[in-house]
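Report on the structure given below.
The values are calculated or read from the model by the stated rules, or taken from the named source; none is laboratory data. All values reported here derive from a predicted model rather than from experimental measurement. Cβ placement follows ideal geometry from the backbone for every residue including glycine, while neighbour counts extend to all protein chains displayed. Surface areas here come from the heavy atoms of the whole protein model, side chains and all, with no ligands, DNA or RNA. Shrake-Rupley method; radii C 1.70, N 1.55, O 1.52, S 1.80 Å.
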Amino acid sequence: MSTLNSNPIISIKNVYKTYVGKHRKGFFKTEYREVHALKDVTIDVHRGEIFTLLGPNGAGKTTLVKILTTLLLPTRGTAFISGLDVLSESSKVRRIINAMLMGERSTYWKLSGRQNLEFFGALYYMDPKDIEEKIEELSKALKISDIIDRPVESYSSGQKYKLAFAKALINDPIVLFLDEPTATLDPRSANEMREMIKKTNKRGTTVFLTTHNMLEADELSDTIAILDFGQIIAVDTPQALKDQFLTEELIHVDIKVDKPINGIIPKLIELPGVTNASQRIPSGQGEFPSVALTTKEDDAIISSLSILHQNNIRVLGLSTKQPSLEDVFLALTGRTLSEDTSKREEVAVDA
Amino acid sequence: MHNEVFLPSKTTFRGNITIVKSIVKQQLAVLRAYWGASLMSILIPLMFVLIPIMIGRSVSPNYEQNFQQNTGATDAEAYLVIGAVFWAMMVGILWDFGTYLREEQFQGTLESVMVTPVSRYVLALGRGLFSLTFGLVSSFISITIGLLIFSPDVLFSFTFVRIMTVFLLIIVSYFPMIGMSLLVGTLVIKFKDIESVINLLQWVLGTLMGVFFSIAALPWGFRVVALLFPPTWGLNDARAILLSTPPVVVMLGFSNYTQGLLLDTAITLAIGIFWSLVGFFLFIRILEHAKKGSGLGEY
């Protein structure tokens with residue numbers, strides 16, 4: 001990851017966003033309800049970093065990205081990108097940024113990849129010669145040279161994402177916004193996308209990313225802001241977040257066994273240091289049951305293996321996992337990141 | 001926070017022209033992918049005009065004489081063909097331009113375009129120019145085929161100057177249609193699924209512009225409303241040039257034919273400017289309004 005500059009390239013101060021939704025109550029009556037999508041969001045993003053907004057679905061991540069990309073106006077608050085006000089200087093802001101907001105749907109499927117890039121390049125007032133050079137550079141870098149002249153509708157999902165990513169880089173943006181860039185990708189394509197993001201960042205582009213995938217956030221980010229119910233609840237480097245919020249060093253252990261261990265789980269929970277123990281029953285043929293154990297002490301692992309041995313259970317394998325951002329989120333909110341929080345509390349307002 | 005920023009590109013006039021060209025080029029590429037739709041836009045007015053022509057021929061072999069008495073047109077079928085093609089062109093704009101943003105919303109490309117620095121006016125202009133070019137070409141083909149089938153004598157009597165004048169008239173009455181289509185576009189964005197409203201509007205438009213009859217046949221209340229529509233003037237003037245029927249102001253009592261035609265064109269232009277300004281103003285307002293709410297990406 002590139003060296004960070006102390007001068008913030010994105011500065012968000014006390015941003016609020018409230019949506020007002022209409023609900024018909026009978027034929028003549030309409031009730032208006034407010035949903036507070038963002039509440040007092042204040043963040044600084046530094047030049048050259050990968051900044052990740054991590055939060056569950058419905059936390060307000062996309063709303064914030066849309067405000068920064070000038071697609072939405074905040075209800076209150078200010079935001080600057082490279083010193084430009086996203087409210088009063090939106091046209092200038094749009095010249096130095098780019099975004100991938102709708103994933104594979106960001107491009108025209110009836111056109112070829114090249115036609116798409118030529119079109120979007122022109123919308124950035126680029127010289128046709130520069131556009132062609134950029135297309136060559138991007139198609140080589142993203143390995144889409146062989147498909148660039150084919151209609152986008154014939155691309156695979158991963159290839160469509162690559163083209164959308166190329167479109168987002170066509171104008172060499174100073175800040176690149178990526179809204180859930182791997183959300184619907186298969187693991188291999190998601191990996192490729194993450195590599196592309198890293199390479200882009202290494203070339204000096206500041207990346208503002210949203211995701212609800214904690215592994216992705218952990219792997220890519222210089223800084224992570226955790227957003228929950230429209231509020232920033234923590235901002236720091238991934239390691240600092242773990243250090244700060246996981247005061248107890250938890251170890252997640254996965255022990256693969258040869259048969260179900262009904263009745264032994266309570267014994268494991270009683271072991272000193274063990275905070276949680278559960279059994280996973282295989283869903284398919286040829287798979288084995290496993291025991292998921294969370295402990296604060298190394299000794300508990302040896303003790304649990306010994307209990308399994310005493311009960312004639314063969315251990316087929318054992319793996320440990322370090323604490324993750326999921327644990328940080330759990331420690332902060334008492335919920336997991338996979339929970340959908342899009343059903344917000346709505347407040348009825350006068351019309 | 002206010003430090004000097006290097007802006008990599010300049011939004012010059014020449015740059016905007018290049019963008020308009022790119023939008024037209026992009027739309028043409030999309031059109032190539034949907035070539036069947038282009039064919040339909042040529043065939044629809046021809047199929048549409050068959051109905052009144054066949055009714056006329058069935059009612060009386062001398063229906064053209066009666067038609068001439070009421071409209072001043074020496075060739076009823078040429079009159080109907082021109083009406084149908086003009087109507088199809090205007091309806092095409094209404095649909096094409098009115099549902100432009102909605103289509104982009106569905107495709108998912110609207111936000112990709114809106115996040116670029118290009119002005120919304122330039123976008124509308126580019127899309128409008130494509131629509132005009134497409135409308136002119138398909139109308140030219142339709143009218144040529146229609147007249148070849150129903151009134152070849154009229155077709156061969158057209159001079160180059162007359163055809164060019166009609167093209168000019170179409171352009172004059174076309175831009176106000178962009179304004180009106182933008183109005184429809186704002187309705188589509190505001191109220192979402194109102195395709196049925198556009199469906200109804202196209203028939204209202206056809207009736208008011210006098211697609212198969214002279215607007216003199218309309219009850220006076222309808223005639224007043226019809227005169228507020230630029231296509232009414234455009235169509236009647238196109239017929240006046242090609243078929244020597246009376247221009248609108250002559251129908252209303254003005255005596256000089258040539259001056260009447262010029263006056264008609266001036267009025268068309270004035271109404272056109274009014275509708276275009278209203279349309280563009282509301283269009284931009286609705287875009288700004290959407291930004292205050294949940295944005296244009298929401299559908």
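Quick notes on this one:
- Relative contact order %, chain B, counting alpha carbon pairs below 8 Å whose residues are six or more apart: 24
- Helix A:113-123 axis versus longest C-alpha principal axis of chain A: approximately 60°, rounded to the nearest ten.
- Set of the stretch A:90-121 residues, backbone N closer than 19 Å to the point 7 Å along the Cα-Cβ line of A:R203: A:95-101, A:113-121
- Residues of the stretch B:19-62 that bury at least 20 Å² of accessible area when the other protein chains are present, relative to the chain alone (probe 1.4 Å, heavy atoms, ligands and nucleic acids excluded): B:I19, B:S22, B:Q26, B:A29, B:V30, B:A33, B:Y34.
- Among the listed pairs A:K167/A:K202; A:K61/A:K134; A:K129/B:K21; A:K17/A:K167; A:K25/B:K291; A:K39/A:K167, those beyond 22 Å (Cα-Cα): A:K61/A:K134; A:K17/A:K167; A:K25/B:K291; A:K39/A:K167
- Alpha-carbon centroid distance for the pair the stretch A:90-167 / the stretch A:13-89, whole angstrom: 27
- Rh (Kirkwood; distinct C-alpha pairs) - the stretch B:110-192, Å: 15.3
- Those GluC sites (Glu not before Pro) in the stretch A:264-298 that DSSP places in a loop and that have at most 13 other beta carbons within 10 Å: A:E270, A:E287
- Prolate/oblate/rounded call for the protein assembly as shown, Cα gyration tensor, a/c under 1.5 rounded: prolate
- Rolling a 1.4 Å probe over the heavy atoms of the protein chains gives chain A an accessible area of 46 Å² per residue.
- Accessible surface of chain A, 1.4 Å probe, proportion on carbon and sulfur as whole %: 49
- Pair A:D149, A:I265: separation of 7 Å Cα→Cβ label points (nm): 6.1
- For the stretch A:1-159: rounded, prolate or oblate by the Cα gyration tensor [a/c cutoff 1.5]: oblate
- Each DSSP beta bridge with both residues in the protein assembly as shown is either parallel or antiparallel, and the antiparallel ones are about 75%.
- Over the stretch B:46-175, accessible surface divided per residue gives 41 Å², non-protein components excluded, 1.4 Å probe.
- Shown for the stretch B:11-290: the carbon plus sulfur share of the solvent-accessible area, taken with all protein chains present and a 1.4 angstrom probe, equals 73%.
- Kirkwood-Stokes translational diffusion coefficient of chain A, alpha-carbon pairs, 4 °C, 1.567 mPa s, µm²/s: 56
- Helical mean residue ellipticity (222 nm; -39500 (n - 2.57) per DSSP H run of 4+; nearest 500) of chain B: -26500 deg cm²/dmol
- Rounded to the nearest 0.05, the FRET efficiency derived from the C-beta distance between B:S157 and B:K21 at R0 = 41 Å is 0.65.
- By the helix-only formula, in which each DSSP H run with n ≥ 4 contributes -39500 (n - 2.57) and the sum is divided by residues, chain A has a 222 nm mean residue ellipticity of -9000 deg cm²/dmol.
- Nearest-0.05 FRET efficiency for A:T237 and A:E195, computed from C-beta distance (R0 30 Å): 0.90
- Overall shape of the stretch A:255-332 was characterised from the C-alpha gyration tensor. The equivalent ellipsoid obtained from it has semi-axes of 21, 17, 11 Å, in decreasing order.
- Placing pseudo-labels 7 Å out from each Cα toward the beta carbon at A:D298 and B:V278 gives an inter-label distance of 8.1 nm.
- Calculated FRET efficiency, B:H289 to A:E31, Cβ-Cβ distance, R0 = 25 Å: about 0.80 to the nearest 0.05.
- Mean separation of Cα contacts under 8 Å (6+ apart) over length of chain A, as relative contact order %: 21
- Hull shadow area, averaged, the stretch B:11-290 [alpha-carbon convex hull, nm²]: 15.7
- Here the Karplus curve 6.51 cos²θ - 1.76 cosθ + 1.60, taken at θ = phi - 60°, turns the phi angles of the stretch B:240-245 into couplings of 4, 6, 7, 10, 6, 7 Hz, with x standing for Gly and Pro.
- With a 1.4 angstrom probe, the accessible area lost at the B-A interface totals about 4000 Å².
- Structural size metrics of the stretch A:169-276, computed from C-alpha coordinates, are Rg and Dmax of 19.4, 62 Å.
- Label-point separation, B:L200 to B:S119 (7 Å along Cα→Cβ), nm: 3.6
- Across the stretch A:288-299, coupling constants 3J(HN,Hα) worked out from phi with the 6.51/-1.76/1.60 Karplus curve, θ = phi - 60°, read 10, x, 9, 10, 9, 10, 10, 9, 9, 10, 4, 4 Hz, and Gly and Pro carry x.
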